[in-house]
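Data block below; observations after.
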Amino acid sequence: RFITPKGTYTMKIMAVDYGESRTGIAISDVTEFLASPVCIIKEKNTLKAIDKICEKAAELNAEMIVIGNPVNMDGTRGERSEKCTFVAEEVAKKVNIPVNMWDERATTKTALNMLSDNGTFGKKRKEVLDAVAATVILENFMAYRKNHRDEQ
């Protein structure tokens with residue numbers, strides 16, 4: 001852990017962009033300043049994906065996990081949101097660190113724009129899209145934490 005000048009703790013946070021066949025993983029540095037894409041977990045079986053998410057958190061020494069919650073644009077919860085909630089609940093049962101859900105509306109679109117700006121297209125784009133989306137989720141979560149330190 002890292003203590004900021006204001007005396008609050010920062011930590012390594014792992015973000016998860018869960019998908020039916022590919023799950024993106026990103027990690028922050030211990031100061032919660034940088035978010036980096038880590039990998040894609042290719043797994044269609046939800047329970048196996050959950051185990052792999054937990055393994056990756058341990059491997060990366062994550063101190064918190066943030067799982068993207070794909071709520072609808074009008075704020076309602078659909079089938080994908082329910083599935084991600086299930087994943088978060090199951091991950092929370094298997095790890096000894098906090099697990100949070102984070103509104104991920106428009107993160108995939110943001111990730112696609114970032115990849116387009118960097119000239120990443122085709123197969124290469126598909127291989128990294130979910131990890132970049134997880135990075136966007138993590139950046140948004142870290143920005144919130146930075147701006148709401150007094151509430152933590």
- Tell me, please, whether a residue that is at pLDDT 90 or above, among the hydrophobic types (A, V, I, L, M, F, W, C) and closer than 14 Å to residue 137 by Cα can be found in region 40-52. no
- Message: Between 105, 1, which is out of contact with any helix residue (DSSP H, G or I) (no Cβ under 9 Å at 6 or more places or on another chain), within 15 Å of residue 133 (Cβ to Cβ) and modelled with pLDDT under 95?
- Response: 105
- Item | Flag if residue 29 is at pLDDT below 95, surrounded by 13 or more Cβ atoms within 10 Å (Cβ to Cβ) and out of contact with any Cys (no Cβ under 8 Å at 6 or more places or on another chain) | yes
- residue 87 versus (1) surrounded by 13 or more Cβ atoms within 10 Å (Cβ to Cβ); (2) at pLDDT below 95: which is the lone unmet condition? (2)
- Message: Any residue that is out of contact with any Lys or Arg (no Cβ under 9 Å at 6 or more places or on another chain), part of a strand (DSSP E or B) and not acidic (Asp, Glu) - is there at least one of those in region 39-47?
- Response: no
- Query: Any residue in region 124-134 that is in contact with a Ser or Thr (Cβ under 7 Å, 6 or more places away or on another chain), modelled with pLDDT under 90, part of a loop (DSSP other than H, G, I, E, B) and under 15 Å from residue 19 (Cβ atoms)?
  - Reply: no
- Item | Qualifying residues in region 34-81 (those that are without any contact (Cβ under 8 Å) to a residue 24 or more places away in the chain and among the aliphatic types (A, V, I, L, M)) - the one surrounded by the most Cβ atoms within 10 Å (Cβ to Cβ) | 41
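The values are calculated or read from the model by the stated rules, or taken from the named source; none is laboratory data. Because the structure is predicted, anything quoted here is derived from the model rather than measured. For neighbour counting, all protein chains shown are included, and Cβ atoms are generated from backbone atoms with ideal geometry for every residue, glycine included.
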